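Written out below as structure tokens is the structure these notes cover.
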Amino acid sequence: MEYFEVIKKRRSARKFKDTPIPREIIDALIESARLAPSGGNEQGWLFGVVTNPAIIKKLAQAAGKQMWIASAPLVIALCAGLEEELASLPEDDFSLIVNKERFTPEFIDYLRKYPDQRVVSFLFNNCAPMIPGEHIFLTAVNYSLSACWIGFLDIKKASQILNLPDEYSCLFLMPIGYQAEEPGPIERKAVSEIAFRNSFEKRYHYTKAKENE
């Protein structure tokens, strides 16, 4: 597909055919994730390729009992490595300095004193698999598949189901398959509602007028 055709066709699916996904396509999905960028090139992620129906069913139960997930022939478990605890970082650690600048020193100090530092690690690493995850999604669309981001998830239970070691956590699931029904129409905001030029009061407009502008 052409690049913008893939983006336009990218829609979340919640009902899948039981058609197996060829191994070479699964390989392409994981390769697209492997090539994703990461802060400092840390690549602190891990991807579970789950095709066992019994395990997928358990993951669906851990995802708020959204049993439609079990209709997918493939679920990618989007996992991240849990970096060093925030409380143990030295004051001159660059990531600590950056986060204090972004979120205020008071908030970061509060998190460093929070009793359950593992929960803090979940929070700070939550975004780690998001860029490679969207690479996977768009690659799936390119192969006429569809998918869905699952964030409603008991991440501790999902990690146990996948037998992850303590230094990793499953943060999202992505069921993937050939969609069993076409999604309905969806409206998108006009570009002037979502973009500005240089300063907030100056709304952005396309060079050539679009139908939705």
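For the stretch 64-121, GluC sites (Glu not before Pro) are listed when DSSP marks them as loop and at most 14 other Cβ atoms sit within 10 Å of their Cβ; the list is GLU84, GLU85, GLU91. Residue order for GLU24, GLU31, fewest other beta carbons within 10 angstrom first, comes to GLU24, GLU31. Cross-link pairs exceeding 22 Å between alpha carbons, from the set LYS65/LYS189; LYS17/LYS58; LYS15/LYS58: LYS65/LYS189. Loop-located trypsin sites (Lys or Arg not before Pro) in the stretch 1-73 (DSSP state other than H, G, I, E, B) with a sparse environment of at most 11 neighbouring Cβ atoms within 10 Å: LYS65. Across the chain, Cα-Cα pairs more than 22 Å apart make up 59 percent of the total. Considering only beta bridges that DSSP places wholly inside the chain, some 95 percent are antiparallel.
Between amide H atoms placed 1.01 Å from N, distances below 5 Å from TYR168 occur with LEU82, all of them 5 or more places distant or on a separate chain.
When a footprinting reagent is the concern and you count Cβ atoms within 10 Å, what order do LEU78, LEU111, LEU173, LEU162 take, fewest first?
Numbers: LEU78 25, LEU111 16, LEU173 29, LEU162 19.
Ordered by Cβ neighbours within 10 Å, fewest first: LEU111, LEU162, LEU78, LEU173.
A short reminder: the numbers here are calculations on the coordinates, not readings from a lab. None of the values given here were measured: they were computed from a predicted structure. Please note: Cβ atoms are built from the backbone with ideal geometry, for glycine as well, and neighbour counts cover all protein chains shown.
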